[in-house]
Amino acid sequence: MSSTGGLLGGALDPQGPMARSAAALWWLMAALGGLVFVLVVALLVAGLRRGRAGPARVEPGGPETGSSRRWLVGGGVLLPSVVLVVVLGATVAAMRDVPVQAPDGALVVEVTGHQYWWEIRYPAEGAVVANELHLPVGRPVALRLRSADVIHSFWVPALGGKMDALPDGVNTLVLQADEAGEHTSECAEFCGVQHTNMSLLVVAEEPDAFRAWVAAQAAPAAPVNSTGAAGADVFARACSRCHAVRPATEAEPAERGPDLTHFASRRTIGAIAENEPEALRRWISDPHAMKTGVLMPAVELDPHELDAVVTYLEGLR
Ligand code: CUA
């Protein structure tokens, strides 16, 4: 199990075939750029030393013109041409490693960017999640990216390329994870005040674990027991305009907030706070205090109602 912290670290620690070819291209470009830099600095130092030895003794058009021209043609035309052709060839080869359409047997996942959270749908499996993307290892995953509002950008550096999620049209990004692990992802296109906190947890897991997870997420919410009953009523009154709990709320909510059917199984609240009752209490009472500019309004509930709805939500395993 590997875990990848920083985004740049993720890009240079590839965990799948698409990410690996992007990282190989990065290292090639870094090596060539480094080489050219060292060469230029060495020539600069040589030139400075030579200049210090005394004024140039040769007039324009004199015997050194041939040598100057060789330097100009070699350093100004040939060398950059060779470097650019090599980089172009490597780029085209790397692009061929990244499928633009869902390969056979790919898992299709619909990913929708919202200000400021990610909606994740597994259409064939019937699961809906927020801010958590689970993937089976060793199988290509075709992400169908779109946006519900402004332009967002999807990027899991450890697994592959970056792609925009647009309001008008679907972009497909194919990824694959080689081994189980967790990866960080942040929205990569400025989309408003909470752009920085538009995080996504990506969990690559063994196929069996993934199957179990997605089946649990697709299942309807557990029937409300006596502890949750009062909270379910509060939820229906105060929250169901924006949040679904399948199948209690049959119709799609009017305003689309995260589906909460298995809320308690999720790691975070609002993609920023650890999912535990005290944080949930604060989040419902005043989400803006935790995530300024979030589109969820503060929900006015008396303390009993708040307790009840927190109990209900934390019971949605
Ligand atoms: Cu979404 Cu930045």
Q) For Gly113, are the conditions met, namely being under 19 Å from the mean Cα position of the chain (by Cα) and either more than 23 Å from Gly160 (Cα to Cα) or modelled with pLDDT of 85 or more (or both)? A) yes
Counting only residues in the stretch 169-220 that are part of a strand (DSSP E or B) and of a type in the set (Gly, Ala, Ser), the one modelled with the highest pLDDT is identified as Ala204
Log entry, pairs with first residue in the stretch 163-191 being hydroxyl-bearing (Ser, Thr, Tyr), second being more than 16 Å from the ligand (Cβ to nearest atom), beta carbons closer than 7 Å, six or more apart or on different chains, reads Thr172/Val100; Thr172/Gln101; Thr172/Ala102; Thr172/Ala142; Thr172/Arg144; Thr184/Thr4; Thr184/Gly5; Thr184/Gly10
**Asked** Out of all the residues in the stretch 30-52, is one or more of a type outside the set (A, V, I, L, M), part of a helix (DSSP H, G or I), at pLDDT below 85 and loosely packed, with under 10 Cβ neighbours inside 10 Å?
**Response** yes
Restricted to the stretch 121-161 and to residues being within 14 Å of the ligand (Cβ to nearest atom) and assigned to a strand (DSSP E or B), the residue surrounded by the most Cβ atoms within 10 Å (Cβ to Cβ) is His152
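The values are calculated or read from the model by the stated rules, or taken from the named source; none is laboratory data. The shown structure was predicted, so the numbers you read here are calculated from the model rather than taken from an experiment. Note that we place each Cβ from the backbone using ideal geometry, even for glycine, and neighbour counts take in every protein chain shown.
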